[in-house]
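Participant: Before I ask anything, here is the structure I am working with.
The values are calculated or read from the model by the stated rules, or taken from the named source; none is laboratory data. Note that the structure is predicted; figures quoted are calculated from it, not measured. Counting neighbours? That spans all protein chains shown, and the Cβs are built from the backbone with ideal geometry, glycine included. For the accessible areas, the whole protein counts, side chains as well, though only heavy atoms, and no ligand, DNA or RNA atoms are used. Shrake-Rupley method; radii C 1.70, N 1.55, O 1.52, S 1.80 Å.
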2 protein chains.
Amino acid sequence: MSGITIRDVAEAAGVSLASVSRALNGGKNVSARVARDVAAAADRLGYQPDFLARSLRTRTSGMVGCLVSDISNPLNATIVKAAEARLREAGYLLVVASTANDPGRERAAASEFRGRRVDGMLVAPGSDANAKAWRALVAAGTPVVIVDRDVPEADDGADNDTDGWPSVQVDHRGGARAATRYLIGLGHRRIALLTADAVMRPSRERIAGFREVFAEAGLDPTGAQLCLQSSAMDFAHGDTLALLGDGKDGGRPTAIIALGTRILAGVLRAARDLGLAVPRDLSVMSVGDTDLAAVHTPAITALRWSLEDVGRAAADLLLHRLGGDAGQAQSRALLPVDLVLRDSCAPPAVV
Amino acid sequence: MSGITIRDVAEAAGVSLASVSRALNGGKNVSARVARDVAAAADRLGYQPDFLARSLRTRTSGMVGCLVSDISNPLNATIVKAAEARLREAGYLLVVASTANDPGRERAAASEFRGRRVDGMLVAPGSDANAKAWRALVAAGTPVVIVDRDVPEADDGADNDTDGWPSVQVDHRGGARAATRYLIGLGHRRIALLTADAVMRPSRERIAGFREVFAEAGLDPTGAQLCLQSSAMDFAHGDTLALLGDGKDGGRPTAIIALGTRILAGVLRAARDLGLAVPRDLSVMSVGDTDLAAVHTPAITALRWSLEDVGRAAADLLLHRLGGDAGQAQSRALLPVDLVLRDSCAPPAVV
DNA sequence: CCGCTTGTTGAAATCGTTTCCATGATCCTT
DNA sequence: AAGGATCATGGAAACGATTTCAACAAGCGG
């Protein structure tokens, strides 16, 4: 290690430990001479403060914990990256834990973060079931920002904070509404939404928006078909084949909205296997603007939202809290979703 | 915070601080009665040790720093995730810093890691220029494992360690050789390699393997065309158009080896723009087995290596070091690259 | 029964930093 | 010029753990 401590600097500069600390930190109540000597000595010796000792004394670790299901998912990774950059600017270190949506690992990670005295946390729980663990953290005084998740209100009437937790959320409902309206506008009446299990907020909101539009348009609600993927085993390839193959419930869907790279890939492969041309025989839309969607032939119309904005907003919200601002105002952010029109959607073939 | 310290536990259990520490940690030289009482008291009070204080005393932070160019790159993210899982098992916390290959940020991050007293580091420098910074760290006693990078020998003759640094590397050269041999075996004589700037090991090794095979086969070396991408602005789309458009140097290449999702995407789009069918008019191979390669029509033959293995091996190597094993043996790992045959390569059309 | 080893225990030192407090010194005001 | 206010400074007490060391009890062979 560095080996040289504040004590060495003090001796070299011929002042006391307290003066060195003051000179290097606040600079308040410190004479110009001492400031100069200390800076010179520190520089000459290559002094580097020990964060551990400092943290122990000040009770702030300068670390922010980030709990995310899977860091190797590019969507998550992009969010984390943006948040890390913002936090780094503010002098914080981001530590991430991949939890694979396993409640046990989530709890363990949260507990470890707590033991390491993180100053705050960015969390995206795998499901709402773990909300109590987060509540315990918050009760312990650790600021927590929820990222694109819902946390149900406490079931014990004791501490029901009416306004909920600080959070950054994406307007998946609005995006789904726009997408559905667009397809209906093209003439589609049977649309399938392939998304993840409804245990998390994004899928729940998407489904809600999807159905809302059908209801508002006064269309046959059975035309809004859901296909939920609990685990992307074959990336929805089999499900899509089944969906497109037979004509149950009044015929196969003429349009599919698919979540993410892998499900989208499964859908495209299934369409190819069945000899269905996109967009002539089948319109396809991607939820999330991935490389695959942008580059595929034909290019896939997609719902896009800025992952960087999500990460930045989450970091800002947390920094706000860490800055002592416990004000309830601006404790929630809702980010927009855009519809990027490309070549993969067209009016359905006449029935 | 937790609020309750080892002192509270000591009082509750009616023993001294030292006994509590012994009981909770080693358990050596502790009577059954004390062990029981301490465990009970700690449990009842919900005691959670303070990592900061512990670290300060023991001089080990239990943290491992990871320096990577861009965590939002799925390849890097996968490596990091695997390493994190392995390190977590061993009780270490992984902290990552994205450096965007900016030497300044790399240095800053390394310095910060050092200040936070990380026990070790996993680094993939953006270029070899920063090697000196890493050397300084190693000289300071921090174990460092290099991930898929080369670090040149010190230019000052003083401390030239003959065996280099512990590192995990991927056999990109072998992979490139296999790929090139395969294409040559199909009859190709003009092959283009589109890869990244040669500032880092993977590209350098690939280029070397690529050329070696041409030389060994006694083929016209001008058939081995290089196209280096310093920044993937248009994802090599323009370069590919130029490459395939005219017939300089004895004709356009009949096969292209493209690095990663984005360059591959650019190549495929360019081929489409020029009306070249894959693999009839142009054979295409991907370096790295991405979603796009697996899902494209036709499916793209790819060079694949296990990113999880890279992460795991790096973690293991570092853990080995941290375990006190400074033995030079097994300080370097070389991971294999496989050629995954799919449908995107065929013998070239007769000239 | 004595001396020696083995095993438990608690008081105190330590890690490197920040911060409280007392002590002078300087300066300004009346 | 005396008295109070402000400021720079160093000694020492935290922060919460681990670890050394000495003390003491018990077991045991001779």
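Participant: GNM, chain A, Cα, under 10 Å: largest mean-square fluctuation among A:Leu319, A:Leu244, A:Leu45?
Facilitator: Among A:Leu319, A:Leu244, A:Leu45, the largest mean-square fluctuation in the Gaussian network model of chain A belongs to A:Leu45.
Participant: Ordering B:Thr58, A:Thr261 by how much accessible area each has at a 1.4 Å probe, largest first, what is the list?
Facilitator: My answer, sorted largest first, is B:Thr58, A:Thr261.
Participant: Rounded if a/c is under 1.5, else prolate if a/b is larger than b/c, else oblate: which is chain A, with a ≥ b ≥ c the root eigenvalues of its Cα gyration tensor? Mind showing how you got there, number by number?
Facilitator: On the way: a/c = 3.08, a/b = 2.45, b/c = 1.25.
Prolate, because a/c is 1.5 or more and a/b exceeds b/c.
Participant: Could you list which residues have their amide H under 5 Å from that of B:Val340, counting only those 5 or more apart in sequence or on another chain, with H placed in the peptide plane?
Facilitator: B:Ala302, B:Leu303, B:Arg304
Participant: Which of A:Arg262, A:Arg54, A:Arg181 moves the most in a Gaussian network model of chain A with Cα springs under 10 Å?
Facilitator: So, out of A:Arg262, A:Arg54, A:Arg181, the one fluctuating most is A:Arg54.
Participant: Let me have the relative contact order for segment A:173-304, percent, based on Cα pairs under 8 Å that are six or more residues apart.
Facilitator: On the way: 208 pairs, mean separation 31.6, N = 132.
Across segment A:173-304, relative contact order equals 24 percent.
Participant: Add -39500 (n - 2.57) for each DSSP H run of 4 or more in the protein assembly as shown, then divide by its residues: what number comes out at 222 nm, to the nearest 500 deg cm²/dmol? Walk me through the numbers before you get to the answer.
Facilitator: Numbers: 26 runs with 302 residues, N = 702.
Theoretical 222 nm ellipticity from helices: -13000 deg cm²/dmol.
Participant: Mind checking the full-extension length gain between B:Thr5 and B:Ala108? Use 0.36 nm per residue of separation minus the Cα-Cα distance, one decimal, nm. Let's see the in-between values first.
Facilitator: On the way: separation 103, 0.36 × 103 = 37.08 nm, distance 3.44 nm.
Difference between extended and current length: 33.6 nm.
Participant: Under the rule of at least 5 residues apart or a separate chain, name every residue whose amide H is placed under 5 Å from the amide H of B:Leu93.
Facilitator: B:Met63, B:Val64
Participant: In whole angstrom, and with the biggest value first, how far do the Cα coordinates of segment B:258-351 range along each principal axis?
Facilitator: 60, 24, 16
Participant: Ok, one more. Relative contact order of chain A, please, whole-number percent, based on alpha carbon pairs below 8 angstrom and at least 6 residues apart.
Facilitator: 17 percent
Participant: Can you find, among B:His172, A:Ala13, A:Val138, the residue sitting farthest towards the positive end of the charge dipole of the protein assembly as shown, where Lys and Arg contribute +1 and Asp and Glu -1 at Cβ?
Facilitator: A:Ala13
Participant: Considering only A:Ala18, A:Ala333, A:Ala176, give the residue with the highest GNM mean-square fluctuation for chain A, with springs between Cα atoms whenever their separation is below 10 Å.
Facilitator: Result for chain A, Cα springs under 10 Å: A:Ala18 fluctuates most.
Participant: Sticking with this one: Let me have the relative contact order for segment B:6-49, percent, based on Cα pairs under 8 Å that are six or more residues apart.
Facilitator: Details: 39 pairs, mean separation 18.5, N = 44.
About 42 percent, as a whole number.
Participant: With both bridge residues required to lie in the protein assembly as shown, what share of the DSSP beta bridges run antiparallel, to the nearest 5%? Please list the in-between numbers first.
Facilitator: Working: 7 of 81 bridges.
Beta bridges within the protein assembly as shown, antiparallel portion: roughly 10 percent.
Participant: Now a separate question. For the residue pair B:Leu17 and B:Thr297, what label-to-label distance in nm results when each label sits 7 Å from Cα along the Cα-to-beta-carbon direction?
Facilitator: 7.2 nm
Participant: Hey, another quick one. With a ≥ b ≥ c the root eigenvalues of the C-alpha gyration tensor of the protein assembly as shown, is it rounded (a/c under 1.5), prolate (a/b larger than b/c) or oblate? Before the final figure, lay out each step's value.
Facilitator: Values: a/c = 2.19, a/b = 1.29, b/c = 1.69.
It comes out oblate by the Cα gyration axes.
Participant: Can you work out the FRET efficiency for the pair A:Arg33 and B:Leu276, with r the C-beta to C-beta distance and R0 = 51 Å, to the nearest 0.05? Mind dumping the intermediate values first?
Facilitator: Values: r = 75 Å, r/R0 = 1.47.
For R0 = 51 Å, the calculated efficiency reads 0.10.
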